[in-house]
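So the structure is just underneath, and the comments pick up after that.
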Amino acid sequence: MTTNHTQEILNAVKKFGMKVELGLNNSIHDALNQPSILQGLNNQSRLVAASISKLQQTVETLSIPFNFPTKNDVANTTKLFIQAEEKLDLLEEQVTQLNRSFEEFKDTIVNSPSFSSNRMAGE
Amino acid sequence: MSTPKLNRWTGFIQTISAKEPEVGMTPRTAVWKKNKATLWHYPSKNKKYKVPLFLIYSLINQPFILDLGPKYSLIEAFTSNGFEVYLLDFGIPGYEDKDLSMDDYILRYIKKGVQRALLHSNASEISLIGFCMGGTFAAIYTSIADEPIKNLIISVAPIDFSVTPIFSEGVKMLQNEEVNFEQILDAWGMIPPAYVKRGMKLATMPISYSPYLSLLSHADDEERNLKWSRFNYWADSHIPISAAAIKQMIVDLEKENKLITGNLRIGDRPAKLKNITANLLAVGASHDRLISIEQIKPIIDLVSSKDKSFHILEGGHGSLAKDGKAPGYLENWLADRSN
């Protein structure tokens, strides 16, 4: 009885909570979906982007005299590995295709009438 | 024996403070790897269908939502029903992948993955199932595919970007070029997972406490708690996304709506939806706050497929993936078209 009662209360709390949550979220969406706010966000993002780019350029410049690798250096090296992997992938595909063609060719020869008659003559 | 009340609170505390739960337990083998991507094969013990399934998930979350655990796995449901399943897991990209564009995902990963799955399965045709943006990518790929795609299923995948269920003003401003986020995207290169998560939360539920109310209401049920913690773990497991992919999606899909206008090009090929002749099932969710039914439905009129249908699923954005079972309509639809 108590368990059922608790469950009922919790279900009611859940239902009410979800309704309030939906209302709050809709209000937030409506408040943010204003041209002035979005324009402000856009301006802010441009400022942040410019600062990040300047910082990145400074780090790249400093990496030369201080002789440390940057994230771009590591990324460029990794890209070489990915290129090599793609070349290997292509080779693997070609070998598989060649194998398949070879198997098909073998089947054609074995099943051809001339091959069967030659084999019987040989026996 | 503890009282039910104690059990409930103990269950609640235990669940929210538990370590990361084990996920993705359906037996699988990797058949192909490239960069961070892996093509997984899930064999079926009682294979009934000749046409294997190829699953494509979104770029911002991990695909283990499709295999949350025993009895809660869509992949397990498919393999038990006699389907061979292949899952293309894009992996977690790093800074070196910041130039990966939509073209790259489609041509270097999806196309190659499908070729590998066909080779591995020895099948003459394949079915694609794409979830969320994975569904949009599946549709784009099918429109340029040389590979034999027999069936295409897109689940909660946006196609028409002229319809915007959220931030309609923002999208309008983006389309009119009054706002432009290219500079910040270029500066970041890769969008960190924390930002992806915040962005998704902002777009759907900026305030989100209802999952905890839901947990409390069933916290005395260990099995449901485990399912909750697995799902919650997935909901927090966002991955970085490359700025190049976002930029291409913003320009080609959101701003210029090229999938609908028919002007989209992938590589050097026109990706027109009318090129699609595969059997098509498009699925929308009735309570999806992210992708509305109006964004999905137009694909039905634009493809050349003779066999095409639209289904509305009761539930939210992740319903089909997280419920861990193949719903009857999907199972029957696939069964009729997989031999």
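Tabulated results
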| item | result |
| --- | --- |
| Whole-Å semi-axes of the ellipsoid equivalent to segment A:71-123 (Cα gyration tensor, √5λ, descending) | 49, 7, 4 |
| At R0 = 25 Å, FRET efficiency that the Cβ-Cβ distance of A:His5 and B:His311 yields, to 0.05 | 0.05 |
| Spacing of the two label points (7 Å from each Cα toward its C-beta) at B:Ser17 and B:Tyr95, in nm | 3.7 nm |
| Cβ-placed point charges (K, R +1; D, E -1), dipole of segment B:209-339 about Cα centre in debye, nearest 20 | 660 debye |
| Dipole magnitude of chain A, debye to nearest 20 (Cβ charges: Lys/Arg +1, Asp/Glu -1, about Cα centre) | 660 debye |
| Computed [θ] at 222 nm, helices only, for the protein assembly as shown once each DSSP H run of length n ≥ 4 contributes -39500 (n - 2.57) | -16000 deg cm²/dmol |
| Potential extension, A:Leu62-A:Leu90 segment - 0.36 nm per residue separation minus Cα distance | 6.2 nm |
| Dipole magnitude of segment B:1-139 about its Cα centre (Cβ charges: Lys, Arg +1; Asp, Glu -1), debye to nearest 20 | 420 debye |
| Candidates A:Ser101, A:Ser112, A:Ser53: whichever shows maximal mean-square fluctuation once chain A is modelled as a Gaussian network with Cα springs under 10 Å | A:Ser112 |
| Area buried, chain B against chain A - accessible surface, total, 1.4 angstrom probe, square angstrom | 4000 Å² |
| Reach of A:Lys71 by Cα under 23 Å, taken over lysines that are not fewer than 8 positions away in the same chain | A:Lys54, A:Lys79, B:Lys34, B:Lys36, B:Lys98, B:Lys247 |
| Heavy atoms of A:Lys87 accessible to a 1.4 Å probe, total area in Å² rounded to 10 | 140 Å² |
| Reachable aspartates and glutamates, given that their alpha-carbon falls under 16 Å from the alpha-carbon of B:Lys258 and they are not under 8 places away in the same chain | B:Asp103, B:Asp160, B:Asp268, B:Asp301 |
| Average other protein chain Cβ within 10 Å of Cβ, residues B:28-40 | 1 |
| Within the accessible area of segment B:24-133 (1.4 Å probe), percent carbon and sulfur | 51 percent |
| Residue among B:Asp221, B:Asp104, B:Asp268 with the largest mean-square fluctuation in a Gaussian network model of chain B, springs linking Cα atoms under 10 Å | B:Asp268 |
| The protein assembly as shown - Rg over Rh from alpha carbon coordinates, Kirkwood radius | 1.02 |
| Candidate residues B:His317, B:His120: accessible-area rank, largest first, probe 1.4 Å | B:His120, B:His317 |
| For chain B: accessible area per residue (Å², 1.4 Å) | 42 Å² |
| Per-residue SASA entry for A:Asp30, accessible area with 1.4 Å probe, Å² rounded to 10 | 100 Å² |
| Cα-based Rg and Dmax for chain B, where Dmax is the largest Cα-Cα distance (Å) | 20.1, 69 |
| Whole-Å distance, taken between Cα centres, linking segment B:205-279 and segment B:51-73 | 12 Å |
| 0 to 90° range, to nearest 10: angle between helix A:113-122 axis and chain A longest Cα axis | 50 degrees |
| Among B:Arg269, B:Arg28, B:Arg108, residue whose mean-square fluctuation peaks in a GNM of chain B (springs only between Cα atoms under 10 Å) | B:Arg269 |
| Low-density loop cleavage sites - trypsin sites (Lys or Arg not before Pro) in segment B:224-262, where at most 12 other Cβ are within 10 Å (DSSP) | none |
| Among B:Asn180, B:Thr15, B:Asn81 the positive-end extreme of the charge dipole of chain B (Cβ point charges) | B:Asn81 |
| Longest segment of chain B lacking GluC sites (Glu not before Pro) that sit in a DSSP loop with at most 14 other Cβ atoms within 10 Å | B:23-176 |
| Surface per residue (accessible, 1.4 Å probe) for segment A:71-123, Å² | 85 Å² |
| Area accessible to solvent at B:His287, 1.4 Å probe radius, in Å² | 120 Å² |
| Candidate lysines - alpha carbon under 27 Å from A:Lys14, same-chain residues fewer than 8 apart omitted | B:Lys5, B:Lys19, B:Lys71, B:Lys197, B:Lys201, B:Lys227, B:Lys322, B:Lys325 |
| Simple spin-label estimate for A:Phe81 and B:Glu294 in nanometres, 7 Å along Cα-Cβ | 4.8 nm |
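The values are calculated or read from the model by the stated rules, or taken from the named source; none is laboratory data. Note that the coordinates shown come from a computational prediction; the quantities given were computed from them, not determined experimentally. As a convention, Cβ positions derive from the backbone with ideal geometry for all residues, glycine included, and neighbour counts pool all protein chains shown. With ligands, DNA and RNA removed, areas are computed over all heavy atoms of the protein, side chains included. Shrake-Rupley method; radii C 1.70, N 1.55, O 1.52, S 1.80 Å.
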